[in-house]
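To start, the structure itself, in structure tokens.
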Amino acid sequence: MKINIRQISEATGFSPATVSNALNHKKGVNRETAEAIFKAASEMGYISAGENHKIRLVIYRRNGMIIDGTPFFTQLIDGFENECRQAGFEMSIVYLDRRSEDYEQQVQELISDPSTGIALLGSELTGNDFEVFRSARCPMITFDYFDEEMQFSGIVINNIDSARAATGYLLRMGHNRIGYLCGNFRIRAFQEREAGYRMAMSAAGAPVQEEYRMELSTTMDGAYADMKKFLAEKKKLPTAFFSDNDMIALGAMKAMQEAGIRIPEDVSAIGFDDLPYSEICSPRLTSLKVPKQEMGAAAAKCLIEVLNGEHPAKTKTEICTEFIERDSVQKKEKTE
């Protein structure tokens, strides 16, 4: 005899609506109630073990130069985890290091389990890194990474438009010699931000001077050391910089200040991410705020929809940034 929701309701003592909401991972059912309902549903044969999906947040690390040492991803993960918890899903975090000897075996084990949904945090994915994931048998989405040729949905930052808007702000503030502090690990997000910077410069008829494109380490200490080396060469600086992220901007700002360069009087600066450091440094850093927890929650919602069969089409969702104006940009009275 086929088991129905009413019978599960009678067996557990929860209302049919609560049972239905729990089995469909809807909000409003606490974790203990959801676990009791799933346990009863499994024991009564309403669902098979394979249908009681679990979620894994897989954090891909190529070299750790983006993932490690920044609070950005902590907040992103918090948002993802909170959304899973509210929806009644069991969530675990898996760290996947490209440098591990058994890397490919680890990947195959992850993507071969159809009962577990995967959200791949692919900030450090480059080149052909994604190829091994294309044969995944499990429900899967990506976030902070998107490849037009993959069959999965993705959640990403609106990098191009955000960088274009930040560069446009510098242009409106009278700067036309605008440099670009770019991370020397060219992840996809940084490539898109460079594209946005170049678009804004081109639209304004302002020349992109390649001598002002400075590749720096993606860590704060590394960017500081790299900028010190550049400054030692006594080359001419632009009047403003757009930076791939706050870590790079803050490291470069420290080096410039130690060299006697005033910010923003001599050189203005804009970062990206709006990390907590940006509010407490001196001068406070103008930046593009990424809604990190909301982005993590959006990724979790997308994967849950995939698991529930409510997400039939591949989608690319772009998370917009908010421009946070602080003290690191000064208006130039005369353009050069």
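The values are calculated or read from the model by the stated rules, or taken from the named source; none is laboratory data. Keep in mind the model is a prediction, meaning the values are calculated, not measured. No Cβ is skipped: glycine too gets one built from the backbone with ideal geometry, and neighbour counts run over all protein chains shown.
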Inset, instruction - Among the residues of region 162-203, write down those that are of a type in the set (D, E, K, R) and either outside the structural domain of Thr219 (by TED's automatic domain parsing) or farther than 19 Å from Asn245 by Cα (or both). - result: Arg172, Arg177
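Does Met214 meet the test of being touching a residue at least 60 places away in the same chain (Cβ under 8 Å) and either closer than 30 Å to Leu121 by Cα or touching a Pro at 6+ places or on another chain (Cβ under 7 Å) (or both)?
Numbers: touching a residue at least 60 places away in the same chain (Cβ under 8 Å): no; either closer than 30 Å to Leu121 by Cα or touching a Pro at 6+ places or on another chain (Cβ under 7 Å) (or both): yes.
For Met214, the condition - touching a residue at least 60 places away in the same chain (Cβ under 8 Å) and either closer than 30 Å to Leu121 by Cα or touching a Pro at 6+ places or on another chain (Cβ under 7 Å) (or both) - is not met.
Taking Glu104 as the residue in question, decide whether it is modelled with pLDDT under 85, farther than 30 Å from Ile37 by Cα and not aromatic (Phe, Trp, Tyr). So that I can check it myself, show each step before the final result.
Working: modelled with pLDDT under 85: no; farther than 30 Å from Ile37 by Cα: yes; not aromatic (Phe, Trp, Tyr): yes.
No; evaluated as a whole, the condition is false for this residue.
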Legend entry - Which numbered condition Gly196 fails, given (1) within 30 Å of Phe133 (Cβ to Cβ); (2) assigned to a loop (DSSP other than H, G, I, E, B): (2)
Inset, instruction - Please state which of the following conditions Val290 fails to meet, knowing it meets all the rest: (1) at positive phi; (2) crowded, with 21+ Cβ neighbours inside 10 Å. - result: (1)
Legend entry - Selected residue [of a type in the set (A, V, I, L, M), free of Cβ contacts under 8 Å to residues at least 60 places away in the same chain and not in a strand (DSSP E or B)] from Ile77, Ile160, Ile93: Ile160
Legend entry - Verdict on Ser153 being surrounded by 20 or more Cβ atoms within 10 Å (Cβ to Cβ), of a type outside the set (A, V, I, L, M, F, W, C) and more than 20 Å from Asp244 (Cβ to Cβ): yes
Legend entry - Identity of the residue in region 54-68, crowded, with 21+ Cβ neighbours inside 10 Å and among the hydrophobic types (A, V, I, L, M, F, W, C), that ends up nearest to Glu124 (Cα to Cα): Ile66
Legend entry - Residue match in region 261-276 (condition: over 23 Å from the mean Cα position of the chain (by Cα), in the same structural domain as Leu231 (by TED's automatic domain parsing) and among the small types (Gly, Ala, Ser)): yes
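Looking for something in contact with a Pro (Cβ under 6 Å, 6 or more places away or on another chain) and either within 15 Å of His53 (Cβ to Cβ) or not hydroxyl-bearing (Ser, Thr, Tyr) (or both) - is there at least one such residue anywhere in region 99-115? Explain how you work it out, then say what you get.
First, the residues of region 99-115 that are in contact with a Pro (Cβ under 6 Å, 6 or more places away or on another chain): none.
No; the residues of region 99-115 include none that is in contact with a Pro (Cβ under 6 Å, 6 or more places away or on another chain) and either within 15 Å of His53 (Cβ to Cβ) or not hydroxyl-bearing (Ser, Thr, Tyr) (or both).
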